[in-house]
Amino acid sequence: MARRAEDLRAGGSAPALVPTMGSLHEGHLSLIRLAATLSPAVVVSVFVNPTQFGPGEDFARYPRNLEADTRLAGSAGAGIVFAPEAADMYPEGFQTHVEVEEITRRLCGARRPGHFRGVATVVLKLFNIVRPGAAVFGEKDYQQLAVIRRMTRDLNLPVAIVAHPLVREADGLAMSSRNAYLAPDERIRAIALNRALGRGREAILSGERSAEAVRRAMTRVLDEAGGIGIEYVSVADPESLEEAREITGRTLLALAVKIGPTRLIDNMVVSPI
Ligand code: AMP
């Protein structure tokens, strides 16, 4: 991969990189199509990164479909699929990590210790191997995007970080490889995530300025759906990710829940009028 990347750069087209964990869906494909507008050479990495999973999380059963992924990535405009083995990425003796400090302590970071250290480290490794001019990330993983942006600025990485909006199913559920885990009744309940965000948005747009009241309104929607375990319901500053007390400007609504054993996240940024 590093050799191919060097050839591409020498030929005048630094690749556009789309890092993924595979099991590609329409959300990923939208990112790949955006990448294809940024460079004639699109690299999609497919790597289920063990270091970003905690003990008891779904690393072992995370869906893997490299053959289908390769076909789908190609049809969306990727020229190269880079799918390394864990042993290649983390050979014996590996001991260097990237720690992005403050913003990784909030939201998902507070519940998944070590997760963003794993993400930042593997993304920096991918940048160094693929040497992209641009890399595309989805707003579905809002905090991840913020962490990568911070790392890129802090470490002067010569990569343009490009965001793609969150892609949803027709009924509003955020597309995710993990949606495949949901049983039919769980899939129906999962619509409550987007509904809860919508309720939060309505509250803000109709003048609610207490962040706690907005959190409560969102929580109520999730509670009413039944069978949803709430990890967090967050009303936060979209830059620092700090929890808000009062709504004064652009606001991040974010939530993480468990439906059965499946962990799902969703978010929306709202501007009060
Ligand atoms: P993943 O394979 O889940 O690690 O995701 C790889 C990339 O695709 C990340 O930048 C995600 O934010 C992005 N992505 C995944 N699902 C969606 C979605 N529904 N909408 C937009 N981007 C997404």
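The values are calculated or read from the model by the stated rules, or taken from the named source; none is laboratory data. Values in this document were obtained by computation on a predicted structure and should not be read as measured data. Glycine also receives a Cβ, built like all others from the backbone with ideal geometry; neighbour counts cover every protein chain displayed. Only protein heavy atoms, including side chains, enter the accessible area calculation; ligands, DNA and RNA are left aside. Shrake-Rupley method; radii C 1.70, N 1.55, O 1.52, S 1.80 Å.
Here the Karplus relation 6.51 cos²θ - 1.76 cosθ + 1.60, evaluated at θ = phi - 60°, turns the backbone of region 55-66 into coupling constants of x, x, 7, 8, 3, 5, 9, 4, x, 10, 9, 4 Hz, with x for every Gly and Pro.
Please identify the trypsin sites (Lys or Arg not before Pro) of region 1-97 that satisfy two criteria: DSSP loop assignment and at most 12 other Cβ atoms within 10 Å. Which are they? Before the final figure, lay out the partial values.
On the way: sites: ARG3, ARG4, ARG9, ARG33, ARG61, ARG64, ARG71; in loops: ARG61, ARG64.
Here the sparse-neighbourhood loop sites are ARG61.
How large is the accessible surface per residue of region 48-148, computed with a 1.4 Å probe and reported in Å² as a whole number? Each step should come with its number before you reach the end.
On the way: 4960 Å² over 101 residues.
Averaged over the residues of region 48-148, the accessible area is 49 Å².
Find the accessible area per residue for region 196-273; the probe is 1.4 Å, ligands and nucleic acids are left out, and the unit is Å². Could you put the intermediate results ahead of the total?
Working: 3540 Å² over 78 residues.
Accessible area per residue: 45 Å².
Quick one: which of 172-181, 218-227, 150-159, 13-22 comes out on top by average Cβ neighbours within 10 Å, and what's the full order, highest first? Intermediate values should be presented prior to the final figure.
Values: 172-181: 18.3, 218-227: 16.2, 150-159: 14.6, 13-22: 24.5.
Result, highest mean first: 13-22, 172-181, 218-227, 150-159.
Across region 225-240, computed HN-Hα scalar couplings (Karplus, 6.51 cos²θ - 1.76 cosθ + 1.60, θ = phi - 60°) run 5, x, x, 10, x, 8, 8, 7, 10, 10, 10, 9, 5, x, 9, 7 Hz from first to last residue, x flagging Gly and Pro. All distinct Cα pairs of the chain go into the 1/r average, and the inverse of that average, the Kirkwood radius, is 19.5 Å.
With a sphere of radius 11 Å drawn around the Cβ of LEU241, what net charge do the other residues whose Cβ falls strictly inside it have (Lys, Arg +1; Asp, Glu -1)? Please list the in-between numbers first.
Details: positive: ARG105, ARG106, ARG150; negative: GLU102, ASP237, GLU239, GLU242, GLU243.
Charge balance in the 11 Å sphere: -2.
Can you tell me how region 123-258 classifies by the Cα gyration tensor, rounded, prolate or oblate, using a/c under 1.5 as the rounded cut? It is oblate, given that a/c is not under 1.5 and a/b is not larger than b/c.
Derived scalar couplings between HN and Hα for region 91-99 equal x, 3, x, 4, 8, 10, 9, 9, 10 Hz in order, rounded to whole Hz, by the Karplus curve 6.51 cos²θ - 1.76 cosθ + 1.60 (θ = phi - 60°), x for Gly and Pro. When both region 38-97 and region 110-151 are represented by their alpha-carbon centers, they are found 13 Å apart.
Heavy atoms only, probe 1.4 Å: what % of the accessible area of the chain goes to carbon and sulfur, would you let me know? Intermediate values should be presented prior to the final figure.
Numbers: 6280 of 12930 Å².
Here it works out to 49 percent.
To the nearest Å, what is the center-to-center distance of region 8-22 and region 192-270, using C-alpha atoms only? Taking the Cα centre of each part, region 8-22 and region 192-270 sit 35 Å apart.
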